[in-house]
Amino acid sequence: MKNTRVAGIWMDSEKAVLVRNHDSQNVTEFSVADTFKHEKQHGNSSENAGNNSEQTTKTKFFKEIDKALENTEELWITGPGNIQEELKSYLHDTAQFKNLKITLDSSQQINENQVLETVKSHFGA
C-alpha cells in the first residue's frame, strides 16, 4: 500500500471530515484534507418541497466531497447512521468513482485528531 492513494471519511448527516495521504498527484503523509458542512434548509412550505430541498442539499454535500477525492484509489467511510451508505451509492453511480474500492464502517462522534488517527490505523500507517 506504500504508494496507494487512500482516503478516509468520518461523516454524519451534519458534516464530513476527510483524511487522505495524497494531493492530486503524489502520495504524502496522512493529514486532515478538509471538513465539509451539510447545509440544510429549513421552513419549507410542504413535505414535498422539504424532501426536494433535502435531496438537493445532500447532493451538493456529496459533490463537494467527491471533488476532494480526485485520484483516490481506496476509500474508507465511517460514522454513525446510514449516510455512509448513501455516499457510497452516490460515488458508485458517478462514472469517475464506479470502480473505487469503498469500505464502510460505523463509529461514534469523534474529533478531527481522532479521525486522523483512526484513518491512519485503518490503513496501517
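The values are calculated or read from the model by the stated rules, or taken from the named source; none is laboratory data. All of these numbers come straight from a predicted model, not from anything done at the bench. Every residue, glycine among them, receives a Cβ derived from its backbone with ideal geometry; neighbour counts consider all protein chains shown.
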- Message: Here is a check on your reading of the model: is residue 78 over 27 Å from residue 26 (Cα atoms) and in contact with a helix residue (DSSP H, G or I) (Cβ under 8 Å, 6 or more places away or on another chain)?
- Response: no
Only unsatisfied item for residue 123, checking (1) in contact with a helix residue (DSSP H, G or I) (Cβ under 8 Å, 6 or more places away or on another chain); (2) more than 14 Å from residue 16 (Cβ to Cβ); (3) surrounded by 14 or more Cβ atoms within 10 Å (Cβ to Cβ), is (1)
The residue from 103, 72, 94 that alone is over 19 Å from residue 14 (Cβ atoms) and touching a helix residue (DSSP H, G or I) at 6+ places or on another chain (Cβ under 7 Å) is 94
Scanning segment 1-36 for residues that are out of contact with any helix residue (DSSP H, G or I) (no Cβ under 8 Å at 6 or more places or on another chain), surrounded by fewer than 14 Cβ atoms within 10 Å (Cβ to Cβ) and not in a loop (DSSP other than H, G, I, E, B), the one modelled with the lowest pLDDT turns out to be 28
Considering residues that are assigned to a loop (DSSP other than H, G, I, E, B) and either at pLDDT below 95 or surrounded by 14 or more Cβ atoms within 10 Å (Cβ to Cβ) (or both), the number found within segment 71-93 is 7
For segment 99-114 the number of residues that are among the β-branched types (Val, Ile, Thr) and assigned to a loop (DSSP other than H, G, I, E, B) is 1
